[in-house]
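To start, the structure under review is shown below, and the notes come after it.
The values are calculated or read from the model by the stated rules, or taken from the named source; none is laboratory data. This one's a predicted model, so the numbers in the text were calculated from it and none came from an experiment. All Cβ positions, even for glycine, are placed from backbone atoms using ideal geometry, and neighbour counts span all protein chains on display.
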Amino acid sequence: MPSTNTPDQNPISPSHEDFHWISGPGKNACNADFIELTRDITAGMVSCLQLIYSSELVRETNLDAEPEQAIAPAIGTTDSANLLRLSLAAATLLRRMSDDRIATLNRRRDQ
């Protein structure tokens with residue numbers, strides 16, 4: 001008779017573990033999750049801004065180039081605007097999360 005066990009009923013634990021930048025005892029520090037989140041978001045912001053900057057440089061260089069020497073930028077102007085807005089939203093998110101943590105720490109100090 002075939003087995004009726006589904007993966008959810010299988011007693012063997014999955015081998016996958018969530019990825020974390022911080023390992024060892026530091027992973028339990030009070031702001032470890034926020035530090036890892038900040039690292040991930042800022043890495044994404046840097047990538048977005050590098051794409052925007054390099055594409056703007058190519059567009060500027062193309063203004064002085066002969067038509068046959070012009071090269072395509074990595075992203076178009078619409079994508080540049082979208083990535084810039086994404087970077088601004090990410091920075092705003094981090095600022096708000098930081099403000100919340102600062103307020104929490106200040107409340108603890110005042111008690």
query = So which of A74, A29, A91 is on the phi < 0 side of the Ramachandran plot, touching a Ser or Thr at 6+ places or on another chain (Cβ under 6 Å) and either at pLDDT 90 or above or not hydroxyl-bearing (S, T, Y) (or both)?
reply = A74
request  = Would you point out the residue of the stretch 69-111, among those that are under 20 Å from the mean Cα position of the chain (by Cα) and basic (K, R), that is nearest to T42 (Cα to Cα)?
outcome  = R95
request  = Residue by residue through the stretch 16-30, note down the ones that are surrounded by 12 or more Cβ atoms within 10 Å (Cβ to Cβ) and either under 25 Å from A91 (Cβ atoms) or among the aromatic types (F, W, Y) (or both).
outcome  = W21, I22
Selection from the stretch 34-68 of residues that are of a type in the set (V, I, T) and either touching a Phe, Trp or Tyr at 6+ places or on another chain (Cβ under 8 Å) or within 30 Å of T104 (Cβ to Cβ) (or both) = I35, T38, I41, T42, V46
ask   = Would you call S98 polar (S, T, N, Q) and within 25 Å of I35 (Cβ to Cβ)?
value = yes
task = Being farther than 30 Å from D18 by Cβ, touching a residue at least 12 places away in the same chain (Cβ under 8 Å), part of a helix (DSSP H, G or I) and not basic (K, R) is the filter here, so list the residues in the stretch 33-76 that pass it.
result = I52, S54, S55, E56, V58
